[in-house]
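Have a look at the structure below, then the notes.
The values are calculated or read from the model by the stated rules, or taken from the named source; none is laboratory data. Fair warning: this is a prediction, and the values are worked out from it, not measured in the lab. Don't worry about glycine lacking a Cβ; one is built from the backbone with ideal geometry, like all the others, and counts go over all protein chains shown.
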Amino acid sequence: MTGLTPHAIRKWEGRHALIQPQRTESGHRIYSDAQIDRLRLLRRATEAGYSIGKLSQLPEEELRRIVRGTFEPTAAEVSPESNDEKSVQPWTELLEKCRAAVQRMDRDQLDTLLAQSSARLGCLEVLEHVVTPLMQWVGNQWHQGALRIAHEHMATSSVRAHLERLYTSVRSDSDGPGIVLATLPGQRHEIGILISAVAAVMEGWRAYYFGLELPVAEIAMAAAEKQAAVVALSVSTLGIEQELHDQLATLRDSLPSGVQIVVGGAGTVSVKENAARLGIRCVERLDQFQDLLREYRSK
């Protein structure tokens, strides 16, 4: 849920006294929602280049300003580390090895590396720092002609299988709000919405993933059946603005006003303005989607 490994949490807890979780009689730690949220903020602030030692005493609002990129430190306040102070992040080598496996079309090696990433990193770290940049790199390399269609299909197949395993393994009988995830007809790219499904489960939502190209009427039916508070859609195909607008308008009319529609993916640039008029939220990054889920869960 925090995107941190157990080792990192224990290290931060012991060395910097960041949080003090309660303990069960058998010694297991119990973390509150507020502590989990603070750990998330601290992780994201360290990823922005700030030292955990310097962050440890900051109040939550200043941590949120750092994460949003609006923090302006004075000379006496915390500031980002210089490049020579920053250590190599644990996912850097894994990502490079994954890229090399794609270039060699080595499916077995890519499967192994993705499995290792889940063992070494937190689930959210895998999504943010391995899976997402890997697939963005594959897409860019394919468009530039450096990779062929076979490379892209192999990488997508491996990543899809990994995400499906993650989604299955982290699902639980949560009593959180429901979210339906799918793509609209004509939207054939699945990785983004699968990533969102895993992230939603990690945020404590009851996530129901319905796959690719689900008709609008079926999305509305699924949302009603599952009593979903949010419907999340991935829009990755550009150049079909009017079709997308019509689909979103029909879906908005088919859902109760209290159900929030969220759209993410590269295609959001085509529908952003019309989506806003329909009361549909657009997100461009995974952390924005996570923030939105926290916002709606707290309502």
*Cβ-Cβ under 6 Å pairs, at least 6 apart or on other chains, region 198-226 side over 17 Å from Glu164 (Cα atoms), far side modelled with pLDDT under 90 and outside any helix (DSSP H, G or I)*: Gly204/Ser174; Gly204/Gly176
_For region 146-165, check the following and say yes or no: at least one residue is among the aliphatic types (A, V, I, L, M), modelled with pLDDT under 95, assigned by TED's automatic domain parsing to the domain that holds Pro256 and closer than 30 Å to Met1 by Cβ._
no
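Just checking, does region 181-189 include any residue being of a type in the set (A, V, I, L, M, F, W, C), surrounded by 18 or more Cβ atoms within 10 Å (Cβ to Cβ) and at pLDDT below 90?
Step one: list which residues in region 181-189 are of a type in the set (A, V, I, L, M, F, W, C), which gives 181-182, 184.
Checking which are surrounded by 18 or more Cβ atoms within 10 Å (Cβ to Cβ) leaves us with 181-182, 184.
Going one step further and asking which of them are at pLDDT below 90, we end up with none.
Taking every residue of region 181-189 in turn, none turns out to be of a type in the set (A, V, I, L, M, F, W, C), surrounded by 18 or more Cβ atoms within 10 Å (Cβ to Cβ) and at pLDDT below 90.
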*If you scan region 181-206, which residues turn out to be closer than 18 Å to Glu295 by Cβ and hydroxyl-bearing (Ser, Thr, Tyr)?*
Ser196
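Which members of region 279-291 meet the condition of being aliphatic (A, V, I, L, M), free of Cβ contacts under 8 Å to residues at least 60 places away in the same chain and part of a helix (DSSP H, G or I)? Even if it seems obvious, please write down each step before you answer.
Initially, region 279-291 is screened for residues aliphatic (A, V, I, L, M), giving 280, 283, 286.
Okay, now just the ones that are also free of Cβ contacts under 8 Å to residues at least 60 places away in the same chain, so 280, 283.
Listed by number, the list is empty, since nothing qualifies.
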_Selection from region 21-38 of residues that are outside any strand (DSSP E or B), under 23 Å from Leu124 (Cβ atoms) and without any contact (Cβ under 8 Å) to a residue 12 or more places away in the chain_ = His28, Ser32, Asp33, Ala34
_Taking the conditions exactly as written (out of contact with any Lys or Arg (no Cβ under 6 Å at 6 or more places or on another chain) and under 29 Å from Asp108 (Cβ atoms)), does Gly204 satisfy them or not?_
no
*asked:* Cβ-Cβ distance below 6 Å, separation of 6 or more or different chains: which pairs start in region 107-123 with a residue that is assigned by TED's automatic domain parsing to the domain that holds Leu163 and surrounded by 16 or more Cβ atoms within 10 Å (Cβ to Cβ) and end on one that is part of a loop (DSSP other than H, G, I, E, B) and hydrophobic (A, V, I, L, M, F, W, C)?
replied: Gly122/Leu4
*Residue within region 69-91 that is out of contact with any Leu (no Cβ under 7 Å at 6 or more places or on another chain) and either part of a helix (DSSP H, G or I) or at pLDDT 75 or above (or both) present*: no
*How many residues does region 257-273 hold that are in contact (Cβ under 8 Å) with a residue 24 or more places away in the chain and surrounded by fewer than 19 Cβ atoms within 10 Å (Cβ to Cβ)?*
3
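What number of residues within region 142-165 satisfy the criterion of being without any contact (Cβ under 8 Å) to a residue 24 or more places away in the chain and either within 18 Å of Ser118 (Cβ to Cβ) or polar (S, T, N, Q) (or both)?
2
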